[in-house]
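Chemist: Okay, here's the structure, questions in a sec.
The values are calculated or read from the model by the stated rules, or taken from the named source; none is laboratory data. Everything quoted here is computed from the prediction, not taken from an experiment. Don't worry about glycine lacking a Cβ; one is built from the backbone with ideal geometry, like all the others, and counts go over all protein chains shown. These area figures cover heavy atoms from the full protein model, side chains too; ligands, DNA and RNA do not enter into them. Shrake-Rupley method; radii C 1.70, N 1.55, O 1.52, S 1.80 Å.
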2 protein chains.
Amino acid sequence: MDRELLLLGLLRREDMHGYQLTEFINRNLASCVDLKKPTAYYLLDKMVEAGWITRSQEQEGSRPPRHVYQITPEGEAAFRRLLRENLSAYHPARFTDDIGLALLDSLPADEARALLSRRREALAAELEAARAAPPHAGSWQLVIDHLRFHLAAELSWLDGILRRLAEGGTSGE
Amino acid sequence: MDRELLLLGLLRREDMHGYQLTEFINRNLASCVDLKKPTAYYLLDKMVEAGWITRSQEQEGSRPPRHVYQITPEGEAAFRRLLRENLSAYHPARFTDDIGLALLDSLPADEARALLSRRREALAAELEAARAAPPHAGSWQLVIDHLRFHLAAELSWLDGILRRLAEGGTSGE
DNA sequence: TCCTGACTATTCAAAATTGACTATTCAGAA
DNA sequence: TTCTGAATAGTCAATTTTGAATAGTCAGGA
């Protein structure tokens, strides 16, 4: 229901068409959702059926007509409900990275160290990129701040592991 | 491919049947994967087809027969490849929570504060639970450590937001 | 002018995922 | 002994997601 919340939140500000919605989300909110285009259209269809939004044709010059979505009063009500739900609960993030860590024993210690160093570089690059992002208005900035905070924390955690490994912490197989 | 990596990693240690695999994962590795039973069976089927594992019937007393899976040499090769891939890359986690944060402006400031306080309590409870978890052997412990580290970081981040909100930081609508 | 590559906008068949269900065993309560 | 609730083991239909394809526009270079 979180992707619906986000779509409603964007449509509340202004009417948009599907492509615009996915582009915006993937450019600005990739750190919290991964919304592929076909999924977005699927969700929009469902929300039309649920009466949360309406779809209308927009003809502009010689272009093929586009579908523009606008939020309804029911959609506005759903938005408020979903937002309250989202804000009050804690949704644990999943760390796919940890699968590899859990199986670290299966490789010789120095290979493990070398591979994790690469991960460290990838992570450091992400952090650099996040730091370079331009500031946003209002509470959108919170998302950017959170990403930076999280990446910095992850980096220091990973460095801790690499230090431990260098000291011969977890035994190689 | 990460769930396959994990299944192979478990089957490398000992032959197991489907139910055992999912139970183990959901009990011990919920912080990195969410693997429902039907999905696990689906993946196991695919891995049998790919030749990474084999399935055999196990008859025990009057029980209905169970399917036991064992890893093949091809599976072992796949395991090593997937483990190297997983370890060397950085897989960003997604923060669904941030969707609500991004839309925080849409609620009056004191309601936002109240809702986030609930989230804070849920998060604090998770951290308590994670701290209570018993220690594991070898690199499995890394997963538990990571979870604790992450939850503690999130808690301090959320407290920071709550402080800012209390000082009237982000404007209510 | 014609071609090429990038962007806009959407659809579709195939693949993956899930909630709900079936069926059995077992331990303890009534 | 019979019932009940929990744990074990797995399946299936329906929903959801995805990679790949389609189709038009537009800007710039050859």
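Chemist: For segment B:88-111, enumerate the residues that are in a helix (DSSP H, G or I) and within 7 Å of another protein chain (Cβ to nearest Cβ).
Modeler: Residues satisfying the conditions are B:Ser88, B:Asp97, B:Asp98, B:Ile99, B:Gly100, B:Leu101, B:Ala102, B:Leu104, B:Asp105, B:Ser106.
Chemist: When residues of segment A:11-24 are filtered for being more than 10 Å from DNA strand C (Cβ to nearest atom) and buried (at least 20 other Cβ atoms within 10 Å of the Cβ), how many remain?
Modeler: 1
Chemist: Could you grab me the full set of residues in segment B:25-36 that are away from DNA strand C (no atom under 13 Å from the Cβ) and in contact (Cβ under 8 Å) with a residue 12 or more places away in the chain?
Modeler: Correct list: B:Asn28, B:Leu29, B:Ser31, B:Cys32.
Chemist: If you check B:Glu74 against the conditions, is it within 9 Å of DNA strand D (Cβ to nearest atom) and among the acidic types (Asp, Glu)?
Modeler: So B:Glu74 does not fit the description; no.
Chemist: Also, I was wondering about something else. Within 8 Å of DNA strand D (Cβ to nearest atom) and among the aliphatic types (A, V, I, L, M) - does that describe any residue in segment B:57-69?
Modeler: Among the residues of segment B:57-69, at least one is within 8 Å of DNA strand D (Cβ to nearest atom) and among the aliphatic types (A, V, I, L, M), which makes the answer yes.
Chemist: Of the residues A:Leu127, A:Leu116, which is more than 27 Å from B:Ile161 (Cβ to Cβ), part of a helix (DSSP H, G or I) and open to solvent by less than 60 Å² (accessible area, probe 1.4 Å)?
Modeler: A:Leu116
Chemist: Can you tell me which residues in segment B:25-79 are exposed (fewer than 14 other Cβ atoms within 10 Å of the Cβ), assigned to a helix (DSSP H, G or I), at pLDDT 95 or above and within 21 Å of the chain's Cα centre (by Cα)?
Modeler: Correct list: B:Lys37, B:Pro38, B:Thr39, B:Tyr42.
Chemist: Which condition from (1) touching a residue at least 24 places away in the same chain (Cβ under 8 Å); (2) open to solvent by 40 Å² or more (accessible area, probe 1.4 Å); (3) facing another protein chain (nearest Cβ under 9 Å); (4) not aromatic (Phe, Trp, Tyr) is the one that A:Leu83 breaks?
Modeler: Going through (1) touching a residue at least 24 places away in the same chain (Cβ under 8 Å); (2) open to solvent by 40 Å² or more (accessible area, probe 1.4 Å); (3) facing another protein chain (nearest Cβ under 9 Å); (4) not aromatic (Phe, Trp, Tyr) one by one, A:Leu83 breaks only (2).
Chemist: Report, by residue number, each residue of segment B:130-151 that is buried (at least 18 other Cβ atoms within 10 Å of the Cβ), of a type outside the set (A, V, I, L, M) and more than 19 Å from A:Leu103 (Cα to Cα).
Modeler: Answer for segment B:130-151, where residues must be buried (at least 18 other Cβ atoms within 10 Å of the Cβ), of a type outside the set (A, V, I, L, M) and more than 19 Å from A:Leu103 (Cα to Cα): just B:His150.
Chemist: May I ask you to list the residues in segment A:11-22 that are under 15 Å from A:His67 (Cβ atoms) and in a helix (DSSP H, G or I)?
Modeler: Within segment A:11-22, A:Leu11, A:Gly18, A:Tyr19, A:Gln20, A:Leu21, A:Thr22 qualify.
Chemist: Okay, next question. Residues that are at the interface with chain A (Cβ under 9 Å from one of its Cβ atoms), farther than 21 Å from B:Leu21 by Cβ and in contact with a Cys (Cβ under 6 Å, 6 or more places away or on another chain): does segment B:161-171 have at least one?
Modeler: no
Chemist: Working carefully through the options B:Ile99, B:Ile161, find the one that is surrounded by 19 or more Cβ atoms within 10 Å (Cβ to Cβ) and free of Cβ contacts under 8 Å to residues at least 24 places away in the same chain.
Modeler: That would be B:Ile99, the only listed residue that is surrounded by 19 or more Cβ atoms within 10 Å (Cβ to Cβ) and free of Cβ contacts under 8 Å to residues at least 24 places away in the same chain.
Chemist: In addition: Criterion first (more than 10 Å from chain A (Cβ to nearest Cβ), under 27 Å from A:Arg94 (Cα atoms) and in contact with a Ser or Thr (Cβ under 7 Å, 6 or more places away or on another chain)) does B:Ala40 satisfy it?
Modeler: Here the answer is yes, as B:Ala40 does meet what is asked.
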